[in-house]
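Participant: Next up is a structure, given as structure tokens.
The values are calculated or read from the model by the stated rules, or taken from the named source; none is laboratory data. In this text the structure is predicted, and so the values were computed from the model without any measurement. Backbone-built Cβ (ideal geometry, glycine too); neighbour counts: all protein chains shown. The accessibility values were calculated without ligands, DNA or RNA, using every heavy atom of the protein model including side chains. Shrake-Rupley method; radii C 1.70, N 1.55, O 1.52, S 1.80 Å.
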Amino acid sequence: MGSDPRISILVVEDEQAQRRLIVEILERAGNELRSAADVDEALAAIADEVPDLILCDWRMPGRDGGELLAEVRRRGLGCGFIVMTAYGSIAHAVEAVRLGADDYLGKPFEREALLLAVHRVLKTRRLENENRRLREAVGDEDRFGRLVGGTEVMKRLYRTIEKVAATDATVLITGESGTGKEIVARTLHRTSRRGDAAFVAVNCAAIPEGLIESELFGHEKGTFTGADRRREGKFEEADGGTLFLDEIASMPMSLQGILLRVLQERRITRLGGSGEIELDVRVVAASNRDLPQLVKDGQFREDLYYRLNVVAVELPPLRDRRDDVPLLARVFLDQASARHGREVGSIPPEVVRLLMDYGWPGNVRELANAVERLVLLAEDGCVSVDDLPAPIREVGGEAGAMVRLPVEGLSWDAMEESLLGQALERAAGNRAAAARLLGLSYKAFLYRLEKFGLADDATG
Ligand SMILES: Nc1ncnc2c1ncn2[C@@H]1O[C@H](COP(=O)(O)OP(=O)(O)OP(=O)(O)O)[C@@H](O)[C@H]1O
Ligand SMILES: [Mg+2]
């Protein structure tokens, strides 16, 4: 919570003492607070200024919290909403979530539980807003699809794209095969001021070595056998726009020097030509190879590497951001359903779990293919575990394992500590309830809390 900008929170609670207490706790945590005693006051406060988060009692004289919630959601205000319900009235909580509440707190609650709920809701809200902003910036017609993902790395990536898009800086994107290098390059282009101009992609690995130079810089008529007319190169094609040099590591040494000069001078000469042509091109390069290593091995020019690497974007493998898998799978499911004209509802939880556990050597591309296959094989609109490729299906080994050992192994202590924390969080700090969630006796649970020095954190 610490370094966040000040968060504005509206507390709606009819009971004065309660209201003051909540306001004080949240204010001390560094937030900006307003309060209201009923729904009418709350609506007036919202009309004044929409808060980031509304914390609302359910049962109040006059209109209840559900009515405020419905109104806020109907207007699409995009603020977080936490409902406070009297302990035991689970029906209200269920109703609240159905109406669009982000979370609910059973009264009475503890300070920790309150702060945690607020923190969690603001985090997801911010994520959604960020995703929406990027989606709007990218537009719907994008045939390459939109960048999807809400993990920390992806959020950092969105921020980098936003920052870099505003400049003409050269960008080097690295990452394993299928991690999204090209879609990132296209997003960068589309959201930049060059977005309406050309995006020209050149796969340096796919062009025979002898032809790359003319492909990039063009040639004049009669320069070599077969050059029966003058031809513009990719650099010229990309004038005013973006040139994407994919698989840059495959650029022959002989050409690396020429490319370096072009990047420095922003001018090209066609093969066999004499005049120089001035160009306005932003260059984005990509590689799935270890360029610094290639530099060390003398296979890639160091000066070119630094010239390209003005802004470095490193895409992590999918196995390092597994939390994005469900969202990506959902998006790919919708895309494949639309593409093949098939109605496929959703991905069953046991399939999602397998997708999250799998190592994805082919990264996002492999996931997209696996999901497309599920859509094609689905019967009566239902996705089945049996339609997963064998390596994914067998990732967990023996059937019935509740928690699967990740392919890269894990740290037992870190896992235990994390599970203890999660149980406490889910039980809103109530230790007896947390112990039950883990199937432990209260004593055994306490013992483990102490082992990790967690015993003093929660008061329950
Ligand atoms: N974050 C993402 N959100 C949505 N789709 C993604 C994302 N990352 C990758 N994809 C999709 O996965 C596929 C592979 O992505 P892309 O072609 O950009 O990977 P790449 O890193 O260029 O792979 P390679 O090194 O094999 O060329 C594409 O269909 C792309 O649209
Ligand atoms: Mg690619």
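Participant: Could you please give the count of residues in the range 92-117 that are of a type in the set (A, V, I, L, M), more than 16 Å from L26 (Cα to Cα) and open to solvent by less than 80 Å² (accessible area, probe 1.4 Å)?
Facilitator: Going residue by residue through the range 92-117, those that are of a type in the set (A, V, I, L, M) are 93-94, 96-97, 99, 101, 105, 113-117.
Filter once more, so that each one left must be more than 16 Å from L26 (Cα to Cα): 93-94, 96-97, 99, 101.
Now restrict to residues that are open to solvent by less than 80 Å² (accessible area, probe 1.4 Å): 93, 96-97, 99, 101.
Within the range 92-117, residues that are of a type in the set (A, V, I, L, M), more than 16 Å from L26 (Cα to Cα) and open to solvent by less than 80 Å² (accessible area, probe 1.4 Å) number 5.
Participant: Are any of the residues in the range 183-201 polar (S, T, N, Q), under 30 Å from R159 (Cα atoms) and at pLDDT 95 or above? I'd like the intermediate steps shown before the answer.
Facilitator: Going through the range 183-201, the residues polar (S, T, N, Q) turn out to be 187, 191-192.
Within this subset, residues satisfying the condition of being under 30 Å from R159 (Cα atoms) are 187, 191-192.
Add one more test, that the residue is at pLDDT 95 or above, and what stays is none.
No, because not a single residue in the range 183-201 is polar (S, T, N, Q), under 30 Å from R159 (Cα atoms) and at pLDDT 95 or above.
Participant: Would you point out the residue of the range 231-248, among those that are open to solvent by 20 Å² or more (accessible area, probe 1.4 Å) and assigned to a helix (DSSP H, G or I), that is farthest from ligand 1 (Cβ to nearest atom)?
Facilitator: Applying the first criterion (open to solvent by 20 Å² or more (accessible area, probe 1.4 Å)) to the range 231-248 yields 231-232, 234, 236-237, 239-240, 246-247.
Next, only the ones that are assigned to a helix (DSSP H, G or I) stay: 234, 236-237.
Values: K234: 17, E236: 24, E237: 20 Å.
Residue satisfying both the conditions and the ranking: E236.
Participant: Looking only at the range 185-201, count every residue that is hydrophobic (A, V, I, L, M, F, W, C) and buried (at least 23 other Cβ atoms within 10 Å of the Cβ) and tell me the total. Walk me through it before giving the result.
Facilitator: Applying the first criterion (hydrophobic (A, V, I, L, M, F, W, C)) to the range 185-201 yields 185, 188, 197-201.
Checking the rest, the ones that are also buried (at least 23 other Cβ atoms within 10 Å of the Cβ) come to 185, 188.
Total meeting the criteria: 2.
Participant: Within the range 159-167, is there a residue that is within 12 Å of the chain's Cα centre (by Cα) and within 15 Å of ligand 1 (Cβ to nearest atom)?
Facilitator: As a first pass, look at the range 159-167 and keep what is within 12 Å of the chain's Cα centre (by Cα): 159.
Checking which are within 15 Å of ligand 1 (Cβ to nearest atom) leaves us with 159.
Yes, because at least one residue in the range 159-167 is within 12 Å of the chain's Cα centre (by Cα) and within 15 Å of ligand 1 (Cβ to nearest atom).
Participant: Still on this structure, please answer the following. Which of the residues belonging to the range 150-178 are of a type in the set (F, W, Y) and within 16 Å of ligand 2 (Cβ to nearest atom)?
Facilitator: Answer for the range 150-178, where residues must be of a type in the set (F, W, Y) and within 16 Å of ligand 2 (Cβ to nearest atom): there is none.
Participant: Looking at I258, is it in contact with a helix residue (DSSP H, G or I) (Cβ under 9 Å, 6 or more places away or on another chain), away from ligand 1 (no atom under 16 Å from the Cβ) and assigned by TED's automatic domain parsing to the domain that holds D290?
Facilitator: Criteria met by I258.
Participant: Which residue is modelled with the lowest pLDDT, if the candidates are limited to the range 401-420 and must be of a type outside the set (D, E) and closer than 16 Å to L355 by Cα? It would help to see each step written out before you state the result.
Facilitator: Start the filter on the range 401-420 by keeping residues that are of a type outside the set (D, E), which leaves 401-407, 409-412, 414-415, 418-420.
If we keep only those that are closer than 16 Å to L355 by Cα as well, we get 401-407.
Values: A401: 50, M402: 57, V403: 64, R404: 61, L405: 68, P406: 69, V407: 65.
Here the answer is A401.
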